[in-house]
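Peer 1: Sending over a structure as structure tokens; questions will come in a sec.
The values are calculated or read from the model by the stated rules, or taken from the named source; none is laboratory data. Source: prediction; values computed, not measured. Here the Cβ positions follow ideal geometry from the backbone for every residue, glycine too, while neighbour counts run over all protein chains shown. Calculation scope for accessible area: heavy atoms of the full protein, side chains included, ligands and nucleic acids excluded. Shrake-Rupley method; radii C 1.70, N 1.55, O 1.52, S 1.80 Å.
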Amino acid sequence: MKYGLILLNGPTPGAGLSIAPELEEVTLGRDGARDLPVDDDHCSRLHSRIWFDSQRWQIEDCGSSNGTFVNSRRVERALLRPGDVIRIGETLIVFAREHDPHEPHWQARRLAGSTFMMRVSEPSKQPAFTEKLLAAGDGLARSVAVLCQLAQDLQQQDNRDAIIRLVSDAILEATKADTVTIWLVGSDGRLNAVGGRNMSGELNEVPVFASLALENNEAMLVQNGAVQPARANGSDTHLPCTADMVISVPVPGRSERYGAIECGRDSSHGPLTKDDLDVVIAIAHQTGLALENFDHRERLQMSNQQLRAAVHGQHRIIGDSPAIRQLFDTISRVGPVNSTILIKGDSGTGKELVARMIHEANPRHAGPYVPINCAAFSETLLESELFGHEKGAFTGADQRRTGQFERAHLGTLFLDEIGEMSAACQARLLRILEKHPFERVGGSESIQVDVRVIAATHQNLQALVSSGCFREDLYFRLRVIEVQIPLLRERGDDVLILAEHFLHHFYQQMGRGPRSFSAEATQAMHSYAWPGNVRELKNAVERAVVLSRSDEVQVADLALTAGNTANPWEGTLVPLAVAERRHILSVLERVGGNKTQACRILGIGRGTLYKKLEEYSGAPKSESDPRL
């Protein structure tokens with residue numbers, strides 16, 4: 001099957017170039033020797049190239065000065081699909097499929113005869129059809145033009161004053177009224193004049209007609225003091241009127257009315273008609289929608305700021321030790337860049353907190369932050385979780401699932417316990433890190449994402465590489481920047497700062513419990529080794545708040561493991577079998593009882609581990625080893 005590149009504008013719109021998969025590559029540029037010459041001042045001599053890689057078409061920018069764009073997005077390399085529009089400078093090129101081999105340029109001629117293209121370089125310029133309507137003498141055409149222009153302009157405003165100003169100008173333009181006043185309901189329930197236009201330079205201060213329109217929820221036209229509602233033939237009601245003719249229309253909202261629009265004209269300037277009333281009603285509806293969108297956006301922004309402040313407060317490293325200050329400095333340096341980061345640290349040191357802080361310090365912090373624990377999924381489920389799957393890809397896949405890589409597009413994906421990832425997942429992850437597209441499990445559609453990857457592990461990845469459990473090329477691709485998190489026992493007085501923070505947190509959460517630590521408890525926490533790091537400290541404080549019977553946390557309330565102020569086996573000479581038993585149990589304790597992880601660290605099979613555990617359960621407990 002042949003494909004084509006078709007010029008949509010420029011000196012020769014509709015001209016094209018047929019390309020086939022067997023071609024080595026197709027070059028585009030200003031140089032006349034290129035396969036597709038592009039006559040554009042913003043085009044480089046060699047601007048970009050297109051080729052078929054045995055499965056799909058791809059385009060790559062060749063270091064051009066002004067960049068290559070596919071579907072309005074600047075790309076270094078991207079997949080091409082039929083219908084994609086390539087922009088080089090001001091030139092637009094469509095990538096299309098040619099169905100008729102006898103007419104290789106049938107699409108080119110078809111587009112040349114049927115495509116009209118126009119670019120508006122400045123947003124403030126009105127569309128050509130709007131200008132023509134405004135120039136027309138017909139009142140209806142002018143009103144339509146005003147409404148179209150107002151709808152376009154309102155979408156670009158981000159403050160209420162600008163909305164009011166645009167609405168006032170639109171009413172003056174459409175109705176040729178002498179005065180316009182915009183009334184909005186204030187917090188006290190009264191109507192306040194917030195803007196408008198008046199030939200005399202003063203706004204109307206008496207909202208009689210606005211109040212009536214708002215009360216009855218009905219637009220009205222007042223001529224010589226007689227009210228003519230929008231949906232009635234007339235009325236005998238007479239009102240005092242400073243102008244000979246007045247239009248008053250309520251401004252609707254979804255749940256309540258925002259206010260009213262009032263405009264007036266002296267009879268010497270001609271009458272206000274039913275058509276003028278209809279135009280003002282239409283403008284009032286646009287005004288209500290614009291105000292509602294503005295209020296909704298303000299509420300969302302405020303909620304977002306409050307939520308971010310709350311999240312930032314909850315997800316931050318607490319401490320002031322030299323080790324933590326150095327960590328903060330590292331985060332401030334690596335946060336703004338988009339390099340891949342490998343976070344290393346023992347369990348419970350706060351690897352995910354560091355990852356979230358790095359995400360918040362990045363320009364893409366407004367994008368999603370998606371954390372994944374690779375150790376929580378089997379090989380098949382992890383592939384589905386990361387890359388998604390198509391319906392019917394495997395048993396139980398009854399519908400398509402979007403993977404976390406897609407969900408994290410334009411954001412950050414945090415891969416915790418990266419050492420637990422299977423070989424197949426490692427290979428697919430490596431391709432994504434090298435900017436290649438991927439497919440969902442059981443699918444053939446290529447998906448390209450822009451995701452920053454932060455990985456974390458408590459394992460020695462170099463040892464896993466040496467043992468063949470982890471790919472060496474992936475290891476080097478992940479550790480572009482390496483961040484090491486210090487152990488809690490290396491952070492000095494941070495232990496006490498964290499303990500006070502957790503104590504206050506749990507007291508506020510439960511509404512009861514001790515509010516301080518005894519001197520003995522403080523000394524015990526300071527000298528304790530904290531093998532479980534911050535997680536162990538947090539759990540110890542929570543347990544103390546729940547179980548303590550006094551106003552102070554005592555040493556016993558913390559339930560610290562005896563002998564953890566130093567290595568209990570240091571300097572002890574024991575038989576090899578005892579040392580092996582101690583080591584296996586210590587590893588199991590460190591990994592939280594995860595036998596798969598323990599086997600990987602110990603370098604033994606699950607059967608061997610189970611056999612040894614059975615031996616230990618039947619053996620007498622050693623007085624020197626309280627865990628047996």
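Peer 1: Take the alpha carbon gyration tensor of the stretch 372-476, find the square roots of its eigenvalues, order them as a ≥ b ≥ c, and report rounded if a/c is under 1.5; if not, report prolate when a/b exceeds b/c, else oblate.
Peer 2: Prolate shape, in that a/c is at least 1.5 and a/b is the bigger ratio.
Peer 1: Same structure, new question: May I ask for the net charge around Ser347, where only other residues with Cβ less than 11 Å from the Cβ of Ser347 are counted and Lys, Arg are +1 while Asp, Glu are -1?
Peer 2: -2
Peer 1: Right, here's the next one. Can you tell which of Gln286, Ser378, Gly396 lies farthest toward the positive end of the dipole of the stretch 273-396, using +1 and -1 charges on the Cβ of basic and acidic side chains (Lys, Arg; Asp, Glu)?
Peer 2: Result: Ser378.
Peer 1: Now for a separate question. Mind running the shape call on the stretch 403-546? Use the C-alpha gyration tensor, a ≥ b ≥ c as the square roots of the eigenvalues: rounded below 1.5 for a/c, prolate if a/b tops b/c, oblate otherwise.
Peer 2: Prolate is the answer for the stretch 403-546, as a/c is 1.5 or above and a/b outweighs b/c.
Peer 1: Can I ask one more? Modelling each spin label as a point 7 Å along the Cα-to-Cβ direction, I'd like the Arg254/Asp53 distance in nm, to one decimal.
Peer 2: 4.4 nm
Peer 1: So who's got an amide H within less than 5 Å of the one on Gln484, skipping anything under 5 residues away but keeping other chains? H placed 1.01 Å off N, in plane.
Peer 2: HN-HN under 5 Å from Gln484: Lys344.
Peer 1: In square angstrom, rounded to the nearest 10, how much accessible surface does Ser444 have for a 1.4 Å probe?
Peer 2: Only protein atoms counted, so the area is about 110 Å².
Peer 1: Here is a further query. Find out how many positive minus negative residues lie around Ala213, taking Lys and Arg as positive, Asp and Glu as negative, among other residues whose Cβ is under 10 Å from that of Ala213.
Peer 2: Result for the neighbourhood of Ala213: -2.
Peer 1: Could you pull out every residue, at least 5 positions away or on a different chain, whose amide H is within less than 5 Å of the one on Thr68? Hs are placed 1.01 Å off N in the peptide plane, and Pro or chain starts have none.
Peer 2: Val75
Peer 1: Further, regarding this structure: Apply the a/c threshold of 1.5 to the C-alpha gyration tensor of the stretch 340-416 and tell me whether it is rounded, prolate or oblate.
Peer 2: oblate
Peer 1: Search the structure for amide H atoms under 5 Å from the amide H of Ser548, placed 1.01 Å from N in the peptide plane, and list their residues when 5 or more places away or on another chain.
Peer 2: Here nothing satisfies the definition.
Peer 1: Take the residue pairs Lys351/Lys611; Lys391/Lys595; Lys344/Lys595; Lys538/Lys611 and return only those whose Cα atoms are more than 25 Å apart.
Peer 2: Beyond 25 Å between Cα atoms: Lys351/Lys611; Lys391/Lys595; Lys538/Lys611.
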